[in-house]
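Take this structure first; my questions come after.
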Amino acid sequence: AYTLMNGQGSDDGAHVAYAETEDRAATKADDNTWQCVSRSGSEAFSVGWVVPPGCRFYYDKFRAWLKSLDVVRVKALVLSDQGAKSFNISGQCWDERSLESIASARIEIIHHSFIDKARVDSSLRACIIEPAEGSY
């Protein structure tokens, strides 16, 4: 099972098996690297991001972006203009929590069919509060 969030597989029993097909937009992490990783298998597709420290999202735009996704599951830990937030969305179940802080921001989308990584990445980046020059 694969998950970008914790490397141990899903914690709710929704384990997803993946083939070895993987596309990494960035292969080596550093403090200013926006990493987008996609995986595909016979049962599911996944697109995930590791977001650079300090990258903040507009809360309202990010929440609207999440709601616009028609996918099986989304897990996210993000820093927003309203503080650190966690989101765990599966079907009609929506769990959103405020956190004291997060070590790193991560987002993962899981679906049973192809996910247009370029389109989803572009719409996610539109939720970012203007980044510092030269980052992300």
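Percentage of Cα-Cα pair distances in segment 71-136 greater than 15 Å, rounded to whole percent?
61
What spacing in nm lies between the two simple spin-label points modelled at Asp60 and Cys93, each 7 Å away from Cα in the Cβ direction?
So the two model labels end up 3.1 nm from each other.
Mind ranking Glu108, Glu96 by accessible surface for me, highest first, 1.4 Å probe?
So, going from the largest accessible area down, we get Glu96, Glu108.
Further question: By accessible area of protein heavy atoms, probe 1.4 Å, what ranking do Asp70, Asp95 get, highest first?
In descending accessible area the options line up as Asp70, Asp95.
Mind giving me the nanometre distance, one decimal, between the label points for Arg119 and Asp81, set 7 Å out from Cα along Cα→Cβ?
Each label point is offset 7 Å from its Cα along the Cβ direction, giving 2.7 nm.
Still on this structure, I have one more. Using modelled backbone amide H atoms (1.01 Å from N, in-plane), which distant-in-sequence or interchain residues come within less than 5 Å of Ile129's amide H?
Amide H neighbours of Ile129: Arg56, Phe57, Tyr58.
Give me, ordered by chain and number, the residues 5 or more places off Ala105 or on other chains with an amide H under 5 Å from its own placed amide H.
Here Val51 satisfy the definition.
How large is the accessible surface per residue of segment 62-134, computed with a 1.4 Å probe and reported in Å² as a whole number?
Value for segment 62-134: 56 Å² per residue.
If ligands, DNA and RNA are left out, what is the accessible area of Lys67 with a 1.4 Å probe, given in Å² to the nearest 10?
Spelled out: Lys67, probe radius 1.4 Å, area about 130 Å².
The values are calculated or read from the model by the stated rules, or taken from the named source; none is laboratory data. Just so you know, these numbers come straight off a predicted model, no measurement behind them. With ideal geometry, Cβ positions are generated from the backbone for all residues, glycine too; neighbour counts draw on all protein chains shown. All accessible areas refer to the heavy atoms of the entire protein, side chains included, with ligands and DNA or RNA removed. Shrake-Rupley method; radii C 1.70, N 1.55, O 1.52, S 1.80 Å.
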